[in-house]
1. Is it true that A:Gly336 is modelled with pLDDT under 90 and either more than 14 Å from every other protein chain (Cβ to nearest Cβ) or open to solvent by 10 Å² or more (accessible area, probe 1.4 Å) (or both)?
2. Would you say A:Leu56 is assigned by TED's automatic domain parsing to the domain that holds A:Ala150 and at pLDDT 85 or above?
3. Look at A:Ile282 and say whether it is closer than 29 Å to A:Ile347 by Cβ, surrounded by fewer than 18 Cβ atoms within 10 Å (Cβ to Cβ) and within 14 Å of another protein chain (Cβ to nearest Cβ).
4. Quick one: count up the residues across the stretch A:442-500 that are away from chain B (no Cβ under 14 Å) and either of a type in the set (A, V, I, L, M) or within 23 Å of the chain's Cα centre (by Cα) (or both).
5. Hey, among A:Ile459, A:Ile477, A:Ile509, which residue is closer than 27 Å to A:Thr292 by Cβ and at pLDDT 85 or above?
6. Taking the stretch B:9-24 as the region of interest, how many residues are open to solvent by 60 Å² or more (accessible area, probe 1.4 Å) and either part of a strand (DSSP E or B) or closer than 30 Å to A:Asp213 by Cβ (or both)?
7. Tally time: how many residues in the stretch A:59-75 are open to solvent by 20 Å² or more (accessible area, probe 1.4 Å) and either at pLDDT 85 or above or of a type outside the set (D, E, K, R) (or both)?
8. Considering only the stretch A:171-198, state which residues are in a loop (DSSP other than H, G, I, E, B), open to solvent by less than 70 Å² (accessible area, probe 1.4 Å) and over 30 Å from A:Leu135 (Cα atoms).
Amino acid sequence: MQKTDIKVAFVGNPNCGKTTLFNAITGSRLKVANWPGVTVEKIEGAASYEGCSLHLVDTPGIYSLSCYTIEEKVTRSCVMDDDIDVLVNIVDASSLERNLYLTLQLLELGKPVVLALNMMDIVKERGLEIDLHRLPEMLGNIPVVPVSAAKRTGLDILLHAVVHHYEEGPQNDILHYADEIENKIAKLEVMMQANYPTHSSPRWHAIKLLEYDEDVRMEHPMQILNVADHNYEKQIIQRKYKYIDSIMEEVLFHKEEKEQMTDQIDKVLTHPVLGVPVFLLIMAFVFFMTFTVGDALKGVFEIALGFISTSTEQALLSFGTADWLISLVVNGIIAGVGGILTFLPNIAILFLALAVLEDSGYMARVAYVMDGIMGKVGLSGKAFLPMILGFGCTVPAIMATRALETEHDRRKTMVITPFMSCSARLPIYVLFSEMFFPENPFVICISMYIIGLIIAILIALVMNKLEKGKSNDSLLIELPEYKRPNARTIRIYVWTKLKDYLTKAGTTIFIASIIIWFLLNYGMQGMVTDAGESFGAMIGKLLVPVLAPAGLGMWQIAVALISGISAKEVVVSSFAVLFGVANANSADGMQMIVTNIQSMNPGFGAANAFSLMIFCLLYIPCVASLVTIDKESKSHKFTIKMIVFQLLFAWVMAVMVYQTGKIFF
Amino acid sequence: MVISMTLFEGNAGEQYQIKGLFVEEAITRRLEALGLNDGTVIHVLTRKKNGALIVKVRGTRLALGKHISSGIEISHVKVDGNSNVPDREAM
């Protein structure tokens, strides 16, 4: 009998290529990177093979079926799910020894397992050979299929194995523990079957009970202490590795230790003294490229946007369109959305650089390099990874905190991650630094990134002192092999980010621009000619006294800052709409904004601009980030406390910056 | 006669054999699951002043903080070619 619907879970160690393989089979475009914590949630996709429709589930990478972090919980509950028919265990053949530990645990579940041997090319490069006949024999005759996720070879054979192995059903136990333990397992298995007759995998549950697994014990409250008189986990783990040792002896040949490329590169990148400076140089280079190359490409967009804006206006005029509609389209939508689109080249280069860093294997090293500094503020070097992601976008950065071991560390990292300037803040920096610091805009932009980073670390330090925390030095992270970034992976990564950006421009920013246009053009008396009488002005004026000490005491700025909560780019859109500038990111547009803003009371100069940038850097992140923080912390109280703190902190800092800056400028 | 020391005291470029793990239960289990068991050979690749180090164990590289490295008891191991898998007493 052939079932046509098969549910398949992809399981494996972090960095073994699960997501790349998943993308290759399902044709989806999920983000892949070469460091742990990228896939933090299970993701589903579909494929069909020989008339069977396959439902594939990609899971976060795990080293074992014991639960320490949220990711591991996600994967374990997915693997344990009775709906899953076949497990595809993706194994990094170049570190077979460690990867097989999870394999042995998966085999104990009693579900059909198919082993996908990935990265065989690295094995070959190192002069190693794996006996592909002996390996399956020693794993209970499960199918073992060499694949290359990156080069997309072996995929059909893998699917064939999945479909047919499904029909064959589970294999026998291959691993036997010492008699004492086997007796206990047998007893616990009987108890499991008696108390939970519908449960699958009684042997696995019995072993987990002997390992004193907290979750399994909680879910199956039974009197087991007479059998499981102490925790047998150590013996069980050691037995598994002993078996792995015997597999390695029979399966792996030509073991030679030659100096590997990764070790060579690591001599520089993870150098005890040079590690941090090298990292800072790399990041400085990333931002330098973002601003300079991005700016060079900007001209093309400027011309296109100018053309669209004028031709649209002319077209609308020739149709005899109502004035308000022309104003909405040209001064509202095109100004608000178009201004943001001109930053696309900068954003593309930033994400391209981040993609290369992530895919090369460098990210995990950053955790090691920064561990000393992070340790002093009570966080593990691993907490620095979400922070770097924060340079791209705060939302995935907050999600990436799931890879951290404790809830305490997660929350602390969530508090400081928004201070890392996300790509949405980039347009604000570019615009205001070019308008008010025309001599060295790049220095001003980069200073925002550095100030954000320093503030994040200082806040973590203060939090650590307040809770009288110790320094944290329990870093534990795997450092993958360096590899040449995969073009396809990079393309998917960058395109996904650009698509997100374009989608945001077409949805959030589009709608925000219309709302801002309405608020600025309508007042109590209907459409107004003087924006000072509009609804927007009425709202903004309420905040003027509060913002005045920070040099931001204009209702226009208040409106821009409030609307910036929907998405930080909207701050720039609002300025464009406010001053009716078609392209805020062009020389003419900037000139117009500067002239307008400086003619206003009480004046707006370099000190005000810097204060505005500081405020935008520090005040609450966008709504999407806030929702993510609320969801990930599972606490409204935490989220609200954080919002209040960030607003107050941004205000205090902006006031300090402005009051000091006033003296110099 | 083997003098016992912790991995924290280990030097870059040298190989050691794990004698025992003395850190919190949860971290111990995690290390064991990663293949750091009694008798496993561990190769120190580089170390920082604060004690964080990169080791190679069972063909993979791990970065370990001081807290963990000072909880791993080790002894020197003579490098003798191929025997990456030292004998262990039966369980």
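1. It is true that A:Gly336 is modelled with pLDDT under 90 and either more than 14 Å from every other protein chain (Cβ to nearest Cβ) or open to solvent by 10 Å² or more (accessible area, probe 1.4 Å) (or both).
2. Working: assigned by TED's automatic domain parsing to the domain that holds A:Ala150: yes; at pLDDT 85 or above: yes.
Judged against the criteria, A:Leu56 is a match.
3. Working: closer than 29 Å to A:Ile347 by Cβ: yes; surrounded by fewer than 18 Cβ atoms within 10 Å (Cβ to Cβ): yes; within 14 Å of another protein chain (Cβ to nearest Cβ): no.
Judged against the criteria, A:Ile282 is not a match.
4. We begin by selecting, within the stretch A:442-500, every residue away from chain B (no Cβ under 14 Å); these are A:442-468, A:484-500.
From what is left, the residues that are either of a type in the set (A, V, I, L, M) or within 23 Å of the chain's Cα centre (by Cα) (or both) are A:443-444, A:446, A:448-463, A:466, A:484-500.
Residues in the stretch A:442-500 being away from chain B (no Cβ under 14 Å) and either of a type in the set (A, V, I, L, M) or within 23 Å of the chain's Cα centre (by Cα) (or both): 37 in total.
5. On the way: A:Ile459 fails: closer than 27 Å to A:Thr292 by Cβ; A:Ile477 fails: closer than 27 Å to A:Thr292 by Cβ.
Testing whether each residue is closer than 27 Å to A:Thr292 by Cβ and at pLDDT 85 or above leaves just A:Ile509.
6. 3
7. Let us first name the residues in the stretch A:59-75 that are open to solvent by 20 Å² or more (accessible area, probe 1.4 Å), namely A:63, A:67-68, A:70, A:73-74.
From the residues that got through so far, the ones that are either at pLDDT 85 or above or of a type outside the set (D, E, K, R) (or both) too are A:63, A:67-68, A:70, A:74.
Qualifying residue count, the stretch A:59-75: 5.
8. First, pick out the residues of the stretch A:171-198 that are in a loop (DSSP other than H, G, I, E, B): A:171-178, A:196-198.
Next cut, open to solvent by less than 70 Å² (accessible area, probe 1.4 Å) only: A:171, A:174-175, A:177-178, A:196.
A:Tyr196, the sole residue that qualifies.
The values are calculated or read from the model by the stated rules, or taken from the named source; none is laboratory data. For clarity, every value in this text was computed on a predicted model and none was experimentally measured. We place every Cβ from the backbone using ideal geometry, glycine too, and count neighbours over all the protein chains shown. Areas reflect the complete protein model, heavy atoms only, side chains present, ligands, DNA and RNA absent. Shrake-Rupley method; radii C 1.70, N 1.55, O 1.52, S 1.80 Å.
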